[in-house]
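Report on the structure given below.
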Amino acid sequence: MEPQVYFSHSAEETARLAARLAETLRGGEVIAFFGGMGMGKTTFTRGLVKALGAGDVVSSPTFALVNEYVGRLTVEHFDMYRVGSWDDLYSTGFFDYLDTDSVLVIEWSENIENALPENVIRVEFQNGGQDCERKIVISGWKGRL
Ligand SMILES: Nc1ncnc2c1ncn2[C@@H]1O[C@H](COP(=O)(O)OP(=O)(O)OP(=O)(O)O)[C@@H](O)[C@H]1O
Ligand SMILES: [Mg+2]
């Protein structure tokens, strides 16, 4: 499975890409974001959640650690920014949600890399040349956008 490479030039374009990915989800997928602060992880999640008819994502759940959105599928939106140990990770409920039909969407997956399942969909953000440009590399995903 070759990684798929996309270029986005605006927040809207990133949200649209996420919406197309959302249409292919059946439940139980784990989507792990990689890439630094302000790269568009929450923007991507917003597009995905909206496309599933699950409402509006306002922000990263940095303090709550996880937010739930219910639509065509249920989305658990994690922010692992402050997760620094296995104990922290257990307390987010991550392992319980892994065994459900929910779609898990994970910001700051760098912090839980060793806990990610084998069949994870990786979405990596890199800065493009311009201010609003993002290179988005999706791997481990069987579909095509
Ligand atoms: N091509 C793009 N894709 C996504 N966001 C973009 C793009 N160009 C500019 N932006 C802006 O970058 C910011 C991305 O913020 P967002 O909260 O989605 O990032 P994040 O990766 O979740 O950050 P954090 O790590 O702080 O949670 C927004 O202000 C958005 O408008
Ligand atoms: Mg965020």
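Here are a few things to note about the model shown:
- Segments 104-116, 52-64 sorted - mean Cβ within 10 Å per residue, highest first: 104-116, 52-64
- Computed over the chain, the ratio Rg/Rh where both radii use C-alpha atoms and Rh is Kirkwood: 0.93
- Among GLY38, GLY93, GLY71, residue whose mean-square fluctuation peaks in a GNM of the chain (springs only between Cα atoms under 10 Å): GLY38
- Inter-probe distance in nm under a simple model that places probes 7 Å from Cα toward Cβ, at ASP87 and GLU2: 4.7
- Surface accessible to a 1.4 Å probe, per residue, for the residues of the chain, Å²: 52
- Residues of region 21-41 with amide N under 17 Å of the 7 Å Cα→Cβ point at ASP131: 38-40
- Cα-based helix-to-principal-axis angle, 41-51 vs the chain, degrees rounded to 10: 90
The values are calculated or read from the model by the stated rules, or taken from the named source; none is laboratory data. Remember, it's a predicted structure, so these values are computed and weren't measured experimentally. For neighbour counting, all protein chains shown are included, and Cβ atoms are generated from backbone atoms with ideal geometry for every residue, glycine included. Note: areas computed on protein heavy atoms with side chains; ligands, DNA, RNA excluded. Shrake-Rupley method; radii C 1.70, N 1.55, O 1.52, S 1.80 Å.
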